[in-house]
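The values are calculated or read from the model by the stated rules, or taken from the named source; none is laboratory data. Small disclaimer: the values here were computed from a predicted structure and weren't measured. Ideal geometry is used to build each Cβ from the backbone, glycine not excepted, and the neighbour counts take in all protein chains shown. All accessible areas refer to the heavy atoms of the entire protein, side chains included, with ligands and DNA or RNA removed. Shrake-Rupley method; radii C 1.70, N 1.55, O 1.52, S 1.80 Å.
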Amino acid sequence: MTEPLAPGSVIGILGGGQLGRMLALAGARLGFDIHIFDTAAKGPAARVAARSWAAPWEDDGAVQTFAARCDVLTFEFENIPASALAAAESAAPVRPGRKSLEFTQDRLIEKRFIREAGCSTVDFAEVNSVAGLESAVARLGRPSILKTRRFGYDGKGQAVIREDTDLAVAWASIDEQPAILEAFAPFRRELSIVAARAMDGQMAVYPLAENTHSDGILRVSTAPARVSPETEVRAVEIAHAIGTGLDHTGVFAVELFDVEGELIVNEIAPRVHNTGHWTLDACACSQFEQHMRAVAGWPLGSPQPHSACVMTNLIGEDISPWADIVADETACLHLYGKRDARPGRKMGHINRLSPLLD
Ligand code: AMP
């Protein structure tokens, strides 16, 4: 077991978007110096950090130089190229570790791991060709969902196979990349559980959130979700099985489908997650602080909420009436400092608190 990092130590974050920004703010509050590595200069995280570096991921030398200035490294997104990860690891410990990244970067490996950890997934099949897609659809039926194994996010790299979908067109639409076909989950709602795991295996699990998406992008999270005690217990078991199975250090999130009360795991994010943004205002220790505590080797904080919360993402033009938004005194407002409100771009979020019900 390594020693906890002293305040004043440097924590480096790979990636410089809004998740890096909120991690940097939480880390600074705990007395750390936060350094950001990003491909673009002056991104959301760089503008609140002690120091920032901008270079392409392919520049192994730049990644290594950055890492050598840090006491420990973490990341805000899971698609870090393998060579950049190796360069980072050669100069400083990276937390969470390689297993968390490798098992969640690829949907096929991820789904197999989830099942081995004793959790349910939808039925799935590996797809590497149109012929493979045809036989997978014959087995899993329609509707079903074709997803690239790697580099998908916010519904990108996906094609829904409906009754009238031409399979060759669907295969072309995902650029003929290695993929999986997933059976369609007839879920009644989408839930997620956010948890933190410390280096000694201690875990802090937040209550379930209920999430609504449109166009593949999260719009609203409501937490704690109204679920039965059995569902909450099962979700905590799932979080423990996955956190332990990955030997994870830091925060992770598990996206779940509630199918007739059974929790089916959709995917794992090995990092802080949009469906945990409610913890910023409804819990004494947010997901961002938990993550910084975990990677620093500190004890975790309490995941207990003191309030209920509805978190609403501000996406693209949602930010245009900002003068009205900032005048709303019921809103705990978080803006990410992004300059252009492009469609689908996450510009900020609002947390609205209410008393916690029993
Ligand atoms: P993902 O990128 O895997 O998180 O998928 C984005 C969204 O698509 C999910 O939040 C669901 O709303 C929907 N979705 C993904 N996979 C399935 C599935 N197997 N069955 C039904 N809906 C799905």
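Tabulated values for the structure
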read-out: Within the chain, helix-based [θ] at 222 nm, where runs of 4 or more DSSP H residues each add -39,500 (n - 2.57), nearest 500; value: -8000 deg cm²/dmol
read-out: Listed residue (Pro207, Ala223, Thr279) projecting farthest to the positive dipole end of segment 189-354, Cβ model; value: Thr279
read-out: Charge-dipole axis of the chain as Lys and Arg at +1 and Asp and Glu at -1 on Cβ define it, positive-most pick from Ala67, Leu246, Thr165; value: Ala67
read-out: Arg162/Phe77 FRET efficiency (R0 25 Å; Cβ-Cβ; nearest 0.05); value: 0.25
read-out: Burial order of peptide ranges 330-338, 283-291 (average beta-carbon count within 10 Å, highest first); value: 283-291, 330-338
read-out: Approximate spin-label separation Ala50-Asp247, in nm, with each point projected 7 Å along Cα-to-Cβ; value: 2.9 nm
read-out: Value of Rg to Rh for segment 191-238 (Rh from inverse mean 1/r over Cα pairs, i.e. Kirkwood); value: 1.06
read-out: Portion, in percent, of the accessible area of segment 189-354 that falls on carbon or sulfur, probe 1.4 Å; value: 51 percent
read-out: Relative contact order (%) - segment 123-183, alpha-carbon pairs under 8 angstrom, separation at least six; value: 50 percent
read-out: Stretch gain in nm, segment His306-Ser214, where the contour uses 0.36 nm per residue and the Cα spacing is subtracted; value: 30.2 nm
read-out: Antiparallel bridges, percent of DSSP beta bridges restricted to the chain (to nearest 5); value: 80 percent
read-out: For Ser9, distant residues with modelled amide H under 5 Å away; value: Asp33
read-out: Relative contact order [Cα under 8 Å, 6+ residues apart], the chain, whole percent; value: 15 percent
read-out: Segment 3-56 versus segment 216-252: alpha-carbon centroid distance in Å; value: 26 Å
read-out: Principal axis dimensions, largest first and in whole angstrom, of the chain by Cα; value: 58, 51, 44
read-out: FRET efficiency, 1/(1 + (r/R0)^6) with R0 22 Å, evaluated for Glu89 and Thr39 via beta carbons; value: 0.70
read-out: Full-extension gain in nm, Ser129 to Phe151, via 0.36 nm per residue minus C-alpha separation; value: 6.1 nm
read-out: Cα-based equivalent ellipsoid of segment 10-94: semi-axis lengths in Å, sorted from largest, via gyration tensor; value: 18, 13, 10
